[in-house]
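Peer 1: After the structure tokens below, expect a handful of questions from me.
The values are calculated or read from the model by the stated rules, or taken from the named source; none is laboratory data. Because the structure is a prediction, the values reported are computed rather than measured. All Cβ positions, even for glycine, are placed from backbone atoms using ideal geometry, and neighbour counts span all protein chains on display. Surface areas here come from the heavy atoms of the whole protein model, side chains and all, with no ligands, DNA or RNA. Shrake-Rupley method; radii C 1.70, N 1.55, O 1.52, S 1.80 Å.
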Amino acid sequence: MRVLVTGGAGFIGANFVQQTVVERPGAVVTVLDALTYAGDRSSLGPVADRVRFVQGSITDAELVDGLVADADVVVHFAAESHNDNSLVDPSPFVQTNVVGTFTVLEAVRRHGVRFHHVSTDEVYGDLPLEGEERFTPSTPYNPSSPYSSTKAGSDLLVRAWVRSFGVEATISNCSNNYGPYQHVEKFIPRQVTNLIDGVRPRLYGAGLNVRDWIHVHDHNAAVWAIIDRGRVGETYLIGADGEASNLDVVRALNELFGRDGDDFDHVADRPGHDLRYAIDASKLREELGWVPAFTDFRSGLAATVEWYRENEDWWRPAKAAVEAKYARTGQ
Ligand code: NAD
Ligand code: TDX
């Protein structure tokens with residue numbers, strides 16, 4: 001199977017490529033990645049010499065057309081992915097997430113290639129802090145940020161290309177991922193690398209916002225389950241019942257570093273900050289038989305801390321610029 005992975009030098013895409021090469025020896029993998037600030041070829045780690053790497057943008061129609069023509073399946077991870085950045089400058093989010101997805105869709109339509117679109121639970125907006133309600137595939141779209149609205153736009157393009165043009169596509173909307181190779185701008189790696197540097201964790205606002213954490217390996221296993229066995233035209237929600245408040249996560253991290261759980265700083269809140277995400281993944285579990293392997297968040301977190309301790313060469317070059325960026329918004 002010839003697999004074209006867009007965004008394969010980013011956090012989830014690189015983990016996907018590594019998993020695919022190791023677990024599916026028959027797969028021939030090509031990565032298309034623009035190597036923005038968020039992309040890093042070294043994230044392909046030990047499998048780097050077993051994949052074809054093409055540096056370029058998903059908005060480059062000619063380049064995309066040629067690569068899609070040579071693929072059996074396109075797994076589309078490439079995106080601008082950070083909410084805070086989208087509040088400072090939404091422009092690349094519209095270009096990559098909307099125009100880029102449109103460009104890839106037009107190519108899969110022309111060449112009749114199977115397409116899987118990787119998206120987020122943030123397209124559904126947020127849930128009240130109190131309560132048991134969870135997102136399901138029929139929850140109405142209600143995105144809050146420039147990031148989530150451009151992801152919602154990309155999902156709707158995929159749905160329309162399925163209905164109007166018969167494109168063979170599936171969509172997955174996943175909750176917050178954690179694990180190795182996540183950029184230091186994101187919540188968990190930022191706090192872990194701060195703690196390695198002896199700097200207190202930084203919580204936005206009161207820290208009561210809830211995220212539904214899933215290990216990146218489980219997300220990617222679910223993506224393969226959908227490609228292998230999912231029904232074309234369907235949307236699958238991916239989540240591993242990992243709800244935790246940001247405060248809980250910071251306390252757990254402090255404890256993993258042998259520190260007082262409550263030793264952290266409150267910083268400026270994110271404008272429009274979504275309160276709570278929670279996924280009902282029963283369709284994925286029941287229809288496709290997917291189950292997460294990482295069911296104990298604390299031990300997954302401990303392994304992630306260990307990875308950042310052992311891979312300072314990977315994250316250190318980005319750290320100072322990220323902290324300078326946060327300093328400008330008081331975070
Ligand atoms: P990331 O920011 O770590 O990686 C994005 C990758 O896309 C980078 O390698 C970057 O260089 C590349 N890229 C950006 N613009 C590009 C362009 N125009 N052309 C080609 N490549 C481009 O993101 P991530 O966290 O790995 O997220 C991957 C996907 O998963 C995204 O679509 C995101 O919306 C989705 N997702 C992420 C999470 C999460 O918790 N991180 C959860 C659910 C869904
Ligand atoms: O320093 C911080 N302190 C803090 O309290 C940072 C960077 C974040 N936060 C909070 C904001 C959120 O409530 O932590 C939570 C998680 O923040 P992010 O890592 O920025 O993730 P989030 O905004 O929830 O979005 C993530 O999950 C869904 C990914 O970045 C998206 O790409 C994905 O779609």
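Peer 1: Are there trypsin sites (Lys or Arg not before Pro) in segment 223-282 that DSSP marks as loop and that have at most 16 other Cβ atoms within 10 Å, and which are they?
Peer 2: The qualifying sites are Arg231, Arg259.
Peer 1: How much of the accessible area of the chain, in percent, comes from carbon and sulfur atoms when a 1.4 Å probe is used?
Peer 2: 50 percent
Peer 1: Which angle from 0 to 90°, rounded to the nearest 10, does the C-alpha axis of helix 187-196 make with the longest principal axis of the chain?
Peer 2: It is inclined by approximately 50 degrees.
Peer 1: Kirkwood Rh over Cα pairs of segment 47-196 into Stokes-Einstein at 10 °C, 1.306 mPa s: D in µm²/s?
Peer 2: 94 µm²/s
Peer 1: Could I have the simple spin-label model distance between Ser91 and Ala324, label points 7 Å from Cα toward Cβ, reported in nm to one decimal?
Peer 2: 2.0 nm
Peer 1: Another question about this same structure. Go through 176-183, 107-114 and give me the packing order, highest mean Cβ count within 10 Å leading.
Peer 2: For the peptides 176-183, 107-114, the packing ranking is 176-183, 107-114.
Peer 1: A further question on this structure: How much accessible area per residue does segment 81-220 have, counting only protein heavy atoms and a probe of 1.4 Å, in square angstrom?
Peer 2: Accessible area per residue: 35 Å².
Peer 1: Note down the relative contact order for segment 178-248 as a percent, whole number, built from C-alpha pairs under 8 angstrom at least six residues apart.
Peer 2: 38 percent
Peer 1: Okay, moving on. Please compute the volume of the convex hull spanned by the alpha-carbon atoms of segment 1-135 and report it per residue in Å³.
Peer 2: Cα convex hull per residue, to the nearest whole number: 130 Å³.
Peer 1: With +1 on each Lys and Arg Cβ and -1 on each Asp and Glu Cβ, how big is the dipole of segment 40-127 about its Cα centre, in debye rounded to the nearest 20?
Peer 2: 400 debye
Peer 1: Residue farthest toward the positive end of the dipole of the chain, with Cβ of Lys/Arg at +1 and Asp/Glu at -1: which of Val88, Val21, Ala293?
Peer 2: Val21
Peer 1: Using only the alpha carbons of segment 31-74, determine the length spanned along each of the three principal axes and report them from longest to shortest in whole angstroms.
Peer 2: 28, 24, 13
Peer 1: Rounded to the nearest 0.05, what FRET efficiency do Glu255 and Glu133 have when you use their Cβ-Cβ distance and R0 = 25 Å?
Peer 2: Once the sixth-power term is evaluated, E becomes 0.25.
Peer 1: For segment 205-325, what is one quarter of the convex hull surface built on the Cα atoms, given in nm²?
Peer 2: 9.7 nm²
Peer 1: Moving on to the next point. Students often forget the sequence filter, so: which aspartates and glutamates lie under 13 Å Cα-Cα from Lys319 once same-chain residues fewer than 8 apart are removed?
Peer 2: Excluding near neighbours in sequence, the set is Glu185, Asp197.
Peer 1: Where a Cα-Cα gap under 12 Å defines reach, which aspartates and glutamates qualify for Lys186, not counting those fewer than 8 residues away within the same chain?
Peer 2: Cross-link targets: Asp84, Glu323.
Peer 1: Percent of Cα-Cα pairs per 20 Å bin, from 0 to the last occupied bin, for the chain, please list those.
Peer 2: 32, 61, 7
Peer 1: For segment 205-222, list residues with backbone N below 16 Å from a point placed 7 Å from the Cα of Asp241 toward its Cβ?
Peer 2: 212-215
Peer 1: Also: Leaving out ligands and nucleic acids, note down the accessible area per residue over segment 235-275 with a 1.4 angstrom probe, in whole Å².
Peer 2: Value returned for segment 235-275: 42 Å² of accessible area per residue.
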